[in-house]
Amino acid sequence: MRQRIVAGNWKMHKNAEETEDLLNELIDKIPTDLDQRVIVAPTFVNLSAAADHLEFTPIEVAAQNMHQAEGGAFTGEISAGMLESVGVRIVILGHSERRAYFHETDALLAAKVDTALKHEMEVIFCFGEELKDRHAGQHFNVVENQLKDGLFHLEASAWKNIILAYEPVWAIGTGETASPEQAQEMHEFIRDIIRKNYGNTVAEDVSILYGGSVKPENAAEIFSKPDVDGGLIGGAALKSDDFTKIVLAI
Ligand code: 13P
């Protein structure tokens, strides 16, 4: 069954105290009887505390990244097993900021996905074209290649742990959102190529989130599109009122 999901990617924001404050506000404001899943992704150093804090609430916690190796001499990195050990069962992989600033390639991301799935974690897999790709009319190709190279080596059964997040790079943190029609057009395309590769059940069951300048003002219209199953929220996830409104807009 396809799930409706709103996830907040906190990026490199919120120290320990601010994390606790924001979590407390979200626990107060977000109703506990929702059908949609609500996920927050604080920074690594605050994940353990966040997972403890959220343990008896419906809000789930995700990591923003992880290393593909099980362990070893990788200074500064975090493994899937370490995330599991503090109660984190979801990881965001392939964010455009990881691809652009930390040179994460499709091949590396495919390896990270495999490691996360081996640990039975859920993966929120991000992808999306840059503005130059869209201007060149290459956006569908770019997205198809990112999916093919990052995910299409998986068996159909692995897809139950995959959540897709289409984030056009030109819409991230820019205040410029893809129009609901542009989002729907791409999400429908994504679902179609999954259908071609994996069949109807996988295509219909996978949740495809939209990310890029989602705000309380535009969330409901974007979420109303048939192939948009929720959102991955950056800036607006840092304010409890805004994030709560977006959660309730779905
Ligand atoms: P903004 O909502 O700030 O545009 O960020 C989107 C994003 O990158 C979520 O991962």
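Show the residue pairs that are 6+ apart or on different chains and have beta-carbon atoms under 6 Å apart, the first residue being within segment 119-140 and more than 23 Å from LEU108 (Cα to Cα), the second being surrounded by fewer than 24 Cβ atoms within 10 Å (Cβ to Cβ).
Within 6 Å, the pairs are LEU131/TRP170.
Checking the conditions here, which among TYR101, TYR166 is among the aromatic types (Phe, Trp, Tyr) and surrounded by fewer than 18 Cβ atoms within 10 Å (Cβ to Cβ)?
Just one listed residue meets the conditions, TYR101.
Kindly provide the set of residues from segment 87-117 that are assigned to a loop (DSSP other than H, G, I, E, B) and either among the hydrophobic types (A, V, I, L, M, F, W, C) or within 13 Å of the ligand (Cβ to nearest atom) (or both), ordered by number. Before the answer, list the steps.
So in segment 87-117, the residues assigned to a loop (DSSP other than H, G, I, E, B) come out as 87-89, 94-95, 102-105.
Across segment 87-117, the qualifying residues are VAL88, GLY94, HIS95, PHE102.
Quick test for you: out of GLU120, GLU176, GLU144, pick the one residue that is modelled with pLDDT of 95 or more and either in a helix (DSSP H, G or I) or over 30 Å from GLY81 (Cα atoms) (or both). Walk me through how you get there before you give the answer.
Values: GLU120 fails: either in a helix (DSSP H, G or I) or over 30 Å from GLY81 (Cα atoms) (or both); GLU176 fails: modelled with pLDDT of 95 or more.
So the residue among GLU120, GLU176, GLU144 that is modelled with pLDDT of 95 or more and either in a helix (DSSP H, G or I) or over 30 Å from GLY81 (Cα atoms) (or both) is GLU144.
If you take the residues of segment 57-66 that are buried (at least 19 other Cβ atoms within 10 Å of the Cβ) and part of a loop (DSSP other than H, G, I, E, B), which of them is nearest to the ligand (Cβ to nearest atom)?
GLN64
Quick check on my filter: what residues within segment 169-197 are of a type in the set (S, T, N, Q), in contact with a Ser or Thr (Cβ under 7 Å, 6 or more places away or on another chain) and surrounded by 15 or more Cβ atoms within 10 Å (Cβ to Cβ)?
THR177, the sole residue that qualifies.
Starting from segment 42-61, keep only residues that are more than 17 Å from GLU18 (Cα to Cα), then list their pairs with residues that are of a type in the set (D, E, K, R) and assigned to a strand (DSSP E or B) whose Cβ atoms are within a distance under 7 Å, requiring at least 6 positions of separation or different chains.
Final answer for the pair search is GLU60/ARG37.
When ASP205 is evaluated against the numbered criteria (1) crowded, with 16+ Cβ neighbours inside 10 Å; (2) modelled with pLDDT of 95 or more, which criterion, by number, is the only one it fails?
(1)
Hey, among the residues in segment 217-250 that are within 19 Å of ASP21 (Cβ to Cβ) and out of contact with any helix residue (DSSP H, G or I) (no Cβ under 8 Å at 6 or more places or on another chain), which one's farthest from the ligand (Cβ to nearest atom)?
Step by step, filter segment 217-250, then rank; the result is VAL247.
Which residue pairs have Cβ atoms under 7 Å apart, sit 6 or more places apart or on different chains, and have a first residue in segment 146-173 that is touching a residue at least 24 places away in the same chain (Cβ under 8 Å) and a second that is crowded, with 22+ Cβ neighbours inside 10 Å and among the acidic types (Asp, Glu)?
PRO168/GLU129; VAL169/GLU129
Test ASP149 against the stated conditions and say whether it is away from the ligand (no atom under 14 Å from the Cβ), modelled with pLDDT of 95 or more and within 20 Å of ILE222 (Cα to Cα).
For ASP149, the condition - away from the ligand (no atom under 14 Å from the Cβ), modelled with pLDDT of 95 or more and within 20 Å of ILE222 (Cα to Cα) - is not met.
Which residue out of GLU130, GLU176, GLU167 is of a type in the set (Asp, Glu), within 12 Å of the ligand (Cβ to nearest atom) and over 17 Å from the mean Cα position of the chain (by Cα)?
GLU176
The values are calculated or read from the model by the stated rules, or taken from the named source; none is laboratory data. Keep in mind that what you see is a predicted model, and the values were worked out from it rather than measured. Every residue, glycine as well, gets a Cβ built from its backbone with ideal geometry; the counts of neighbours run over all protein chains shown.
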